[in-house]
Amino acid sequence: MRISRAIILFAAVIATLSACSSGDEKTDNAAAKPSSQAPSPSAAPSSSAAPTGGAGAKEPCALLPAEAVGKAVSIQGVTSAPGPVQDNAANGGKAKSCVYSAAGKQIGALAVTRFEGNKIKPAEMVTALKKAKPNAKDVAGVGDGAIYYTDENKTATLASAELVGNVPVLVNYTGPAKMTQEMMVPLVKTAVDAD
């Protein structure tokens with residue numbers, strides 16, 4: 001359950017930061033209030049809105065196979081299922097997620113947030129995240145910029161920013177705090193590089 005809350009909190013942080021970075025001060029309050037429940041399936045964005053190629057084109061579960069997560073955490077029998085959808089009309093953020101489980105417990109989640117209509121640059125997203133997470137460390141070789149951090153919810157996150165078809169996209173994997181940067185890099189890189 002901590003991981004699901006971490007995804008929702010992460011989406012709220014990104015929504016708030018990207019609204020600030022784009023200069024749209026009127027949307028700050030709306031962006032800081034995430035929904036506590038996942039929207040109904042009818043509220044999910046249609047697949048026709050997705051661009052071709054890159055991390056923004058596929059559902060998160062298709063970007064990162066459960067087997068890759070199992071290998072990273074040395075657990076067999078990892079399964080994946082679509083997670084909550086978080087859309088924020090104020091900044092154009094549309095987040096989809098995939099939750100990974102083993103033995104009935106969540107062991108991590110991949111979230112992909114597309115910022116359609118928002119001109120925030122990947123470097124601005126990374127800078128904004130670093131301001132919100134002072135213990136964040138830069139990670140080289142993943143997307144156009146990436147960071148790794150742990151937080152008070154006892155979770156670890158590796159987030160990568162990139163442009164996909166001129167749309168800013170943030171891809172992040174959140175797992176238990178014992179997941180190191182080295183364990184997460186191949187997971188996020190797999191998702192970012194998926195076609």
Q: Residue by residue through the stretch 41-75, note down the ones that are in a helix (DSSP H, G or I) and either modelled with pLDDT of 50 or more or surrounded by 15 or more Cβ atoms within 10 Å (Cβ to Cβ) (or both).
A: PRO60, CYS61, ALA62, LEU63, ALA66, GLU67, ALA68, VAL69, GLY70, LYS71, ALA72, VAL73
Q. With LYS105, LYS119 as the choices, which residue is out of contact with any helix residue (DSSP H, G or I) (no Cβ under 6 Å at 6 or more places or on another chain) and without any contact (Cβ under 8 Å) to a residue 40 or more places away in the chain?
A. LYS105
Q. Which members of the stretch 148-173 meet the condition of being touching a Lys or Arg at 6+ places or on another chain (Cβ under 6 Å) and free of Cβ contacts under 8 Å to residues at least 40 places away in the same chain?
A. TYR148, TYR149
Q: Filter the stretch 152-173 for residues that are charged (D, E, K, R) and buried (at least 19 other Cβ atoms within 10 Å of the Cβ) and give the result.
A: GLU162
Q.
Just to be sure before I move on: is ALA90 of a type outside the set (S, T, N, Q), within 15 Å of TYR173 (Cα to Cα) and either in a strand (DSSP E or B) or in contact with a Lys or Arg (Cβ under 9 Å, 6 or more places away or on another chain) (or both) in the structure I sent?
A. no
**Q.** the stretch 76-95, subset hydrophobic (A, V, I, L, M, F, W, C) and at pLDDT 95 or above, residue farthest from PHE115 (Cα to Cα)
**A.** VAL78
Q) Given the residues VAL99, VAL112, VAL142, VAL126, which is the only one that is under 13 Å from GLU162 (Cα atoms), assigned to a strand (DSSP E or B) and open to solvent by less than 40 Å² (accessible area, probe 1.4 Å)? A) VAL112
Q. LYS133: loosely packed, with under 15 Cβ neighbours inside 10 Å, in contact with a Ser or Thr (Cβ under 9 Å, 6 or more places away or on another chain), touching a residue at least 12 places away in the same chain (Cβ under 8 Å) and not hydrophobic (A, V, I, L, M, F, W, C), yes or no?
A. no
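The values are calculated or read from the model by the stated rules, or taken from the named source; none is laboratory data. This structure is a prediction, so every number in the text was calculated from the model and none was measured. Backbone-built Cβ (ideal geometry, glycine too); neighbour counts: all protein chains shown. Remember, those area values only see protein heavy atoms, side chains included, never the ligands or the DNA or RNA. Shrake-Rupley method; radii C 1.70, N 1.55, O 1.52, S 1.80 Å.
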